[in-house]
Amino acid sequence: MLPCPGKGYFDEVSDEAGITVPTRDVPSFGGGFFDYDNDGWLDLFIANGHVYPEIEQVSPETHYKQHNTLFHNEGGGKFKETSAPTGLSPPDNF
Ligand SMILES: [Ca+2]
């Protein structure tokens, strides 16, 4: 997560925002902000998945399908993973 505070460069604030740990072990393809719960704060959706469909043949503990992640915007630059509570894709599905 890289906000641009008007200083001519971006700051890395993923740890402070709370999105590093939930996304550290999954390959992510892209993300986007939208207000899924209509509370006026933009939330974050990240699409995940491995790049090799055959990955399980060489690394059985790694799966091609990865759960997507949804983060609720808690305000103040903080996000909380809400994938399982929203029913988007429980982490133990794969
Ligand atoms: Ca919201």
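Derivation of every value follows stated rules applied to the coordinates shown; laboratory data play no part. Just so it is clear, the structure is predicted and the values come from calculations on it, not from any experiment. Neighbour counts run over all protein chains shown; Cβ positions are idealised from the backbone, glycine included.
Would you be able to say whether some residue in segment 53-64 is in contact (Cβ under 8 Å) with a residue 60 or more places away in the chain and surrounded by 12 or more Cβ atoms within 10 Å (Cβ to Cβ)?
Within segment 53-64 (the criterion being in contact (Cβ under 8 Å) with a residue 60 or more places away in the chain and surrounded by 12 or more Cβ atoms within 10 Å (Cβ to Cβ)), the answer is no, since none of the residues qualifies.
Show the residue pairs meeting these rules: Cβ distance below 8 Å; 6+ apart or different chains; first residue within segment 12-41 and under 15 Å from residue 73 (Cα atoms) and away from the ligand (no atom under 16 Å from the Cβ); second residue in a strand (DSSP E or B) and among the hydrophobic types (A, V, I, L, M, F, W, C).
What qualifies is 22/71.
Would you mind telling me which numbered condition in (1) surrounded by 14 or more Cβ atoms within 10 Å (Cβ to Cβ); (2) within 19 Å of residue 69 (Cβ to Cβ) residue 37 fails?
(1)
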